[in-house]
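*Asks:* My questions all concern the structure below.
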Amino acid sequence: MDTDSRPKVVDTEVVVIGAGQAGLSTAHHLARRGLTPGTGLVVLDGSPAPGGAWQHRWSTLTYGQVHGIHALPGMRLTDADPERPSSAVLGEYFAAYERRYDLRVRRPVRVHRVLDDQEGRLLVETDHGRWRARALVNATGTWESPFWPNVPGRTAFLGRQLHTADYRGPQEMRDARVVVVGGGTSAVQHLLEIAPLARSTTWVTRRPPVFRTTDFDPDEGRRAVALVDRRVRAGLPPRSVVSVTGLPMNDAVRRGRQDGTLDRHPMFDRITPWGVAWQDGRTVRADVVLWATGFRPAVRHLAPLGLREPGGGISMDGTRAVRDPRVHLVGYGPSASTIGANRAGRAAAREIDALLAGELPPSEARTVPSDAPIAPPLVAA
């Protein structure tokens, strides 16, 4: 008698986890190579609707404020209203893309863990079933893994703390004293729209922000991506490509610098019940601390596979995990941009096609010793 109450395992060729830009791009290219969506190709997405992380962005982030968005392969985004929320525009676009290519995304499905079934396949366990695949594409991005710095006193603060992932717009900051922590684009966007409504705003960063006054040309873009790629190949945690490109300068940013909204302060040393404090005795009272401190790759479900290196990251060869070539990470490290995800999706599909055809042995790269030497960081973390 079978006493196993767990859902039966469904066999497939490839499982793609995540249906944002990276996941849809990869699924598109895999389908073009002959895998049938829904049977040979299974796409799982944890979000309730199409749109990837965009559907969770705050409503005041309009499509016109978003820069560097590249179309998904095979379908351009045209005639989008720049004044509409980016969440609505891109959510509709992703939904139309899924329909056009019949990608049959299953959602919402939460992946708990991925295991090696010891028979050459990967077992994907979720809250809606189990799938066994010959290859896996992890395209989960970072949105579900917000980074909260460990600052003394954070748990004692009597006001409200939230992360960019929880931010829903400036209206919730009306008449509040707000401290925004973080040196990236999101922090700048938050400050510029919160300042007119808040009682006061204070901007805090660990490092002085670098504003770009010139256009970011393709050569600089390639150099930035190369820095991230070298870290990933060394088995170190990736930095985002954006983190090495600087902050774009535009008219709104210039006004913010002139009127003091973007007057940056160094990182405080501790949080008090009523605000933040520095070692030199300075204090700022706060009702809200908004952590615009970025995200980390959402890869916890891959932990059973032992992909991490001693340096803390997953060493990559292109999109393949060095420790297991059945696993591809798209939208991770150097491909964590819309154009990067498109290119990586195509590359991953090509290599997975070779793996399924027997041209790449599944055990080829699973012999890296756990004490393999790791290069020192090439970019400060």
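Nothing in this text is a laboratory measurement; each read-out follows from the coordinates by a stated rule. Only a predicted model underlies this, so the values are computations on that prediction, with no experimental measurement involved. Every residue, glycine as well, gets a Cβ built from its backbone with ideal geometry; the counts of neighbours run over all protein chains shown.
*Asks:* Suppose every K and R has +1 on its Cβ and every D and E has -1 on its Cβ; what is the size of the dipole of the chain about the Cα centre, in Debye to the nearest 20?
*Replies:* 460 debye
*Asks:* Based only on other Cβ atoms within 10 Å, what is the fewest-to-most ordering of E359, E92?
*Replies:* E359, E92
*Asks:* Take the chain, connect every pair of alpha-carbon atoms lying under 10 Å apart with a spring to form a Gaussian network, then pick out the residue of T202, T26, T283 with the largest mean-square fluctuation.
*Replies:* Looking only at T202, T26, T283, the largest GNM fluctuation is found for T283.
*Asks:* With the contact rule set at Cα under 8 Å and sequence spacing of 6 or more, what percent relative contact order holds for segment 163-291?
*Replies:* That works out to 33 percent.
*Asks:* What shape does segment 163-291 take by its C-alpha gyration tensor, where a ≥ b ≥ c are the square roots of the eigenvalues and a/c under 1.5 counts as rounded, a/b above b/c as prolate, and the rest as oblate? If you can, show how the numbers build up before the last one.
*Replies:* Values: a/c = 2.13, a/b = 1.57, b/c = 1.36.
Prolate, since a/c reaches 1.5 and a/b exceeds b/c.
*Asks:* Here's a follow-up. List the relative contact order of the chain as a percent without decimals, with contacts defined as Cα pairs under 8 Å and 6+ residues apart. Display every interim value, and only then the final one.
*Replies:* On the way: 777 pairs, mean separation 81.4, N = 381.
That works out to 21 percent.
*Asks:* Next question. Please find, in a Gaussian network model of the chain (springs between Cα atoms separated by less than 10 Å), the residue of D324, D117, D79 whose mean-square fluctuation is greatest.
*Replies:* Of D324, D117, D79, the Gaussian network model singles out D79 as fluctuating most.
*Asks:* Hey, another quick one. Determine, for V179, V253, V9, the number of other Cβ atoms within 10 Å of each Cβ, and report the residues in order from fewest to most.
*Replies:* V9, V253, V179
*Asks:* When the chain is treated as a GNM, springs tying every alpha-carbon pair under 10 Å, which of N138, N342, N250 comes out with the largest mean-square fluctuation?
*Replies:* Of N138, N342, N250, the Gaussian network model singles out N250 as fluctuating most.
*Asks:* Placing +1 on the Cβ of each Lys and Arg and -1 on the Cβ of each Asp and Glu in the chain, which of A22, P108, S145 has its Cα farthest towards the positive end of the resulting dipole?
*Replies:* S145
*Asks:* For each of I352, I69, count neighbouring Cβ atoms within 10 Å of the residue's Cβ, then give the residues from fewest to most.
*Replies:* Sorted ascending by nearby Cβ count, the order is I69, I352.
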